[in-house]
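Reviewing the structure listed below.
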Amino acid sequence: MKKLLLLLMVALVYVLHQDFWNWRQADPLVFGFLPIGLAYQAGFSILASIMMAVLVKFAWPGHLEQVEDLAPQRNHPTH
Amino acid sequence: MIPAIVVFIYLAIVAVIGTIAFRKSKANTEDFFLAGRTIGPMVFFLSIFATNMTAFAILGSSGQAYRQGIGIYGLMASSSGFVIPLTIFFIGTRLWALGKRFGHQTQVQFFRDRWECDNIGTVIFALSAAMLIRI
């Protein structure tokens, strides 16, 4: 259930990135200087960072940090 | 004169950071190329930021925004803010774990191990080199 909610959140944020309303639109100016289309994407950037914070908090793959190092037993080419 | 002073101050700061880093580093390729597979969040963030601040991002996007308007910010910057962290979260973490486990230091080493095929590594090496050529 938690995974589903998180996936829905990611999908929703992706959909919100598609700015159907203010793309290329300059007016009105937010705070008197910021074009609305740019303000929308700036807000989206903040939303994306919040989304990542939620993902890291609730879905961080911590088990990957416990990996066993097998490298000394293997011989790798350098490229 | 002032620009020269600024440049020398910058170089001095870089030299100090380099000296400190040299004293803390170990003499192996893993530490040199991959920072010992352990860097803090701020260094990681700055590294990702510097990687993406290319001529295309700074000059190209500005020019495109001049031609096509403010939507270019959404096309480039905010989409990068969405896609890059997600890619690191879902793919990067797993690649990091595999790399640590099997000692991979490059993409080619990973692909060779993943498909147990030396030739695929050679092909990817050639493709990676070809993508550096400006057309």
Taking the convex hull of the alpha-carbon atoms of region B:15-76 and averaging its shadow over every direction gives an area in square nanometres of 6.0
Cα-based Rg/(2.2 N^0.38 Å) for region B:39-103, rounded to two decimals, is 1.41
Quotient of Cα radius of gyration and Kirkwood radius for the protein assembly as shown, i.e. Rg/Rh, equals 1.03
Quotient of Cα radius of gyration and Kirkwood radius for region B:14-135, i.e. Rg/Rh, equals 1.03
Residues of region A:1-21 with backbone N under 14 Å of the label point set 7 Å from the Cα of A:F58 along Cα→Cβ are A:1-13
Mean separation of Cα contacts under 8 Å (at least 6 apart) over the residue count of chain B, i.e. the relative contact order in percent, is 13
Output row, site B:Q68, 7 Å Cα→C-beta label point, backbone N cut-off 17 Å, window region A:19-40, residues A:19-26, A:37-38
Taking every residue of A:46-54, the Cβ atoms of other protein chains inside 10 Å of its Cβ average out to 3
Counting other chain Cβ atoms within 10 Å of each Cβ in A:38-45 and taking the mean gives 6
Counting as exposed only chymotrypsin sites (Phe, Trp or Tyr not before Pro) in DSSP loop states with no more than 12 other Cβ atoms inside 10 Å, the longest exposed-site-free span of chain A is A:34-79
Residues whose modelled amide H sits under 5 Å from the amide H of A:V30, counting only those 5 or more places away in sequence or on another chain, are A:I36
For chain A, longest principal axis from Cα atoms; helix A:2-17 axis from its Cα atoms; angle between them, nearest 10 degrees, is 40
Candidate span helices, chain B: DSSP H, at least 24 Å along axis from Cα coords, Kyte-Doolittle average at least 1.6, result B:2-24
Fewest-first ordering of B:H104, A:H63 by Cβ atoms within 10 Å yields A:H63, B:H104
Taking only the Cα positions of chain A, the convex hull volume per residue in Å³ is 190
Filtering trypsin sites (Lys or Arg not before Pro) in region B:35-135 by DSSP loop and by at most 12 other Cβ atoms within 10 Å leaves B:R134
Long-range amide H partners of A:Q25, meaning residues 5 or more apart or on another chain whose placed amide H is closer than 5 Å, are A:G37
Stretched fully, the stretch from B:I20 through B:T87 gains (0.36 nm per residue minus C-alpha distance, one decimal, in nm) 20.9 nm
At q = 0.20, 0.26 1/Å the base-10 log of I(q)/I(0) from the Debye formula over the alpha-carbon atoms of region A:1-46 is -0.66, -0.87
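Values quoted throughout were computed directly from the atomic coordinates according to the rules given, and no laboratory measurement underlies them. Since the structure is predicted, the reported quantities are computational estimates derived from the model, not experimental observations. Cβ sites come from the backbone with ideal geometry, for glycine too, and all protein chains shown count toward neighbours.
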